[in-house]
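The values are calculated or read from the model by the stated rules, or taken from the named source; none is laboratory data. Here the structure is a predicted model, which means the values were calculated and not measured. Cβ placement follows ideal geometry from the backbone for every residue including glycine, while neighbour counts extend to all protein chains displayed.
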Amino acid sequence: MSPVFSIRALVVEGQLAGVRAGDDRDSIRARLGLPDGQRVDALDDLKVWRYGSFEIFFNGDVADTLALDSLGDLEAGPGRELEAWVLGGPGAPDRDEVVDRLVAEQVPFVAGRDRQNRRVLQVRGGARLLFERDEDTGIESWRAIKVFDPAYAPGFTPDLAPPTGPTLDRFLLVRRISAYTAAHVLLGVFSTASLADAARAAYLERYAADPASDPWREQAYKDDGLVEDDLVVTCLSGPAEAVEVFVVSDDSEGFGQIIRTFDSLHDSEVAADARIAVLDDVESMFPHYALRQRARLDVLLSNAEEAQPGFYDDSEPKSPKSPSGSERTRPLDGAPVVRPRPMHIASPTVNASSADREGFTVELAAKPRSGPQCRLRASSSPAPPICCIQCSHSHERSAQ
């Protein structure tokens with residue numbers, strides 16, 4: 001019986017005449033016969049078998065990708081049959097037509113963008129469909145079908161669900177950390193760019209005056225100390241009326257590096273956890289796990305290592321605990337990743353308008369690019385040790 005190359009089976013089930021990503025050469029040859037041609041992908045040093053218009057990429061002896069990169073003139077090759085499904089017309093359908101067909105046939109999928117910012121549809125248990133927009137017509141054309149072995153799948157970012165209420169731009173102040181040391185540190189979420197600039201200036205001034213107190217002074221493959229380029233302000237859309245937000249980020253690990261990508265802002269734990277579930281469902285060649293971090297608007301967060309989401313104390317032998325008491329795990333080399341339980345850190349903070357925080361009231365008057373002003377008064381309660389950035393000045397522990 002001749003092998004049947006079904007486009008629907010490739011898209012929906014992730015298989016080509018019974019062949020799946022992860023199969024070895026012998027099993028593929030037994031099902032499909034000898035390839036019509038072979039080549040070597042010089043860029044990735046991968047061997048490629050061609051069957052008509054279809055290609056199978058091998059990593060060693062195992063197929064890591066099934067690919068159809070030419071959706072125009074489809075060919076199954078000699079001795080094989082073709083079932084074209086939605087590709088039976090004169091041209092490939094556009095993205096809207098593909099979405100309508102998948103919805104009509106109740107095929108579950110996730111929409112998003114890949115690392116090249118191309119629109120993709122990831123069919124659950126099936127293929128990844130890639131689209132490219134024509135700059136002249138605005139039409140998003142269907143360009144390719146890829147089925148990846150989960151161990152080698154490149155990541156992608158799922159689209160956010162439409163907001164349920166009004167949104168505004170929010171500004172994240174982030175300290176970039178060497179990927180060989182730790183994930184980037186979120187220092188705060190601010191309602192305006194000027195307040196984020198003021199907090200950035202305060203942070204720089206503090207550690208310029210006292211560099212030895214910087215908890216991130218020493219990092220792998222980086223000169224010691226804080227420099228201006230380490231602090232960046234990035235913009236995300238967030239709920240307009242929330243005074244407290246939940247920041248969702250996606251951390252990936254590979255080759256001894258940790259990469260933290262800030263994904264979205266939410267007004268509730270429920271909404272943040274729903275986004276985390278979508279991100280965690282993405283299969284990628286690199287272990288990754290989504291986390292949420294609570295942040296009051298216009299408040300500087302603690303930059304202490306133990307205050308970061310997903311913190312793991314290597315000195316603790318088993319089942320390390322977060323400050324909130326939840327158990328966490330750290331992925332080991334070669335071991336599956338388990339996402340740490342989200343933590344809610346009640347860390348010392350600074351309100352950009354005003355805040356009475358355990359002994360001090362600190363006010364930051366926003367002055368973009370020139371740094372904030374700090375006004376300090378003592379309260380009746382004793383002041384604790386300063387363990388995060390309170391402002392750009394040093395404060396005595398005793399009440400004045």
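General remarks:
- Taking the listed residues Val189, Val247, the one that is under 19 Å from Pro162 (Cα atoms), modelled with pLDDT of 95 or more and part of a strand (DSSP E or B) is Val247, with no other qualifying.
- Scanning segment 252-278 for residues that are surrounded by 21 or more Cβ atoms within 10 Å (Cβ to Cβ) and either within 12 Å of the chain's Cα centre (by Cα) or closer than 11 Å to Tyr289 by Cα (or both) turns up Arg260, Asp263, Ser264, Arg275, Ile276.
- Test: residue in segment 120-127 that is surrounded by fewer than 19 Cβ atoms within 10 Å (Cβ to Cβ) and in a strand (DSSP E or B): no
- Every residue from segment 54-70 that is within 19 Å of Glu13 (Cα to Cα) and more than 30 Å from the chain's Cα centre (by Cα): Phe54
- Test: residue in segment 58-71 that is under 21 Å from Glu132 (Cα atoms), surrounded by fewer than 19 Cβ atoms within 10 Å (Cβ to Cβ) and modelled with pLDDT under 90: yes
- Any hit, segment 104-118, residues being of a type outside the set (A, V, I, L, M, F, W, C), in the same structural domain as Phe148 (by TED's automatic domain parsing) and touching a Leu at 6+ places or on another chain (Cβ under 6 Å): yes
- Residue in segment 2-15 that is touching a Pro at 6+ places or on another chain (Cβ under 6 Å), among the aromatic types (Phe, Trp, Tyr) and either loosely packed, with under 13 Cβ neighbours inside 10 Å or assigned to a strand (DSSP E or B) (or both) present: no
- Phe5 meets each of the listed conditions (1) farther than 30 Å from Asp263 by Cβ; (2) among the aromatic types (Phe, Trp, Tyr); (3) modelled with pLDDT under 95 apart from (3).
- Evaluated against (1) in contact with a strand residue (DSSP E or B) (Cβ under 8 Å, 6 or more places away or on another chain); (2) within 20 Å of Asp298 (Cβ to Cβ); (3) of a type in the set (Ser, Thr, Tyr); (4) touching a residue at least 24 places away in the same chain (Cβ under 8 Å), Ser194 falls short on exactly one condition, (1).
- Test for Arg143: is it at pLDDT below 95, touching a strand residue (DSSP E or B) at 6+ places or on another chain (Cβ under 6 Å) and either under 25 Å from Ile28 (Cβ atoms) or assigned to a loop (DSSP other than H, G, I, E, B) (or both): yes
- Segment 1-48, residues that are touching a residue at least 24 places away in the same chain (Cβ under 8 Å) and farther than 21 Å from Trp85 by Cβ: Gly22, Asp23, Asp24, Arg25, Ile28, Gly33, Asp36
- Within segment 218-250, the set of residues being touching a helix residue (DSSP H, G or I) at 6+ places or on another chain (Cβ under 7 Å) and loosely packed, with under 13 Cβ neighbours inside 10 Å comprises Glu228 only.
- Just one residue in the set Glu253, Glu283 is touching a residue at least 40 places away in the same chain (Cβ under 8 Å), under 20 Å from Ala161 (Cα atoms) and of a type in the set (Asp, Glu); that residue is Glu283.
Residue-by-condition table, conditions (1) more than 15 Å from Ile7 (Cα to Cα); (2) of a type in the set (Val, Ile, Thr):
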{"position": "Leu87", "(1), (2)": "no, no"}
{"position": "Val110", "(1), (2)": "yes, yes"}
{"position": "Leu129", "(1), (2)": "no, no"}
{"position": "Ser141", "(1), (2)": "yes, no"}
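- Per the conditions (1) within 30 Å of Glu241 (Cα to Cα); (2) surrounded by fewer than 16 Cβ atoms within 10 Å (Cβ to Cβ), the sole criterion not satisfied by Val174 is (2).
- A Cβ distance below 6 Å, combined with a sequence gap of six or more or placement on separate chains, defines the contacts here; from segment 136-159, residues that are among the β-branched types (Val, Ile, Thr) reach residues that are crowded, with 18+ Cβ neighbours inside 10 Å and assigned to a loop (DSSP other than H, G, I, E, B) in the pairs Ile145/Ala127; Val147/Gly14; Val147/Ala21; Val147/Ala127.
- No other residue among Ala151, Ala242, Ala179 is small (Gly, Ala, Ser), out of contact with any His (no Cβ under 6 Å at 6 or more places or on another chain), closer than 23 Å to Ser252 by Cβ and not in a helix (DSSP H, G or I) apart from Ala179.
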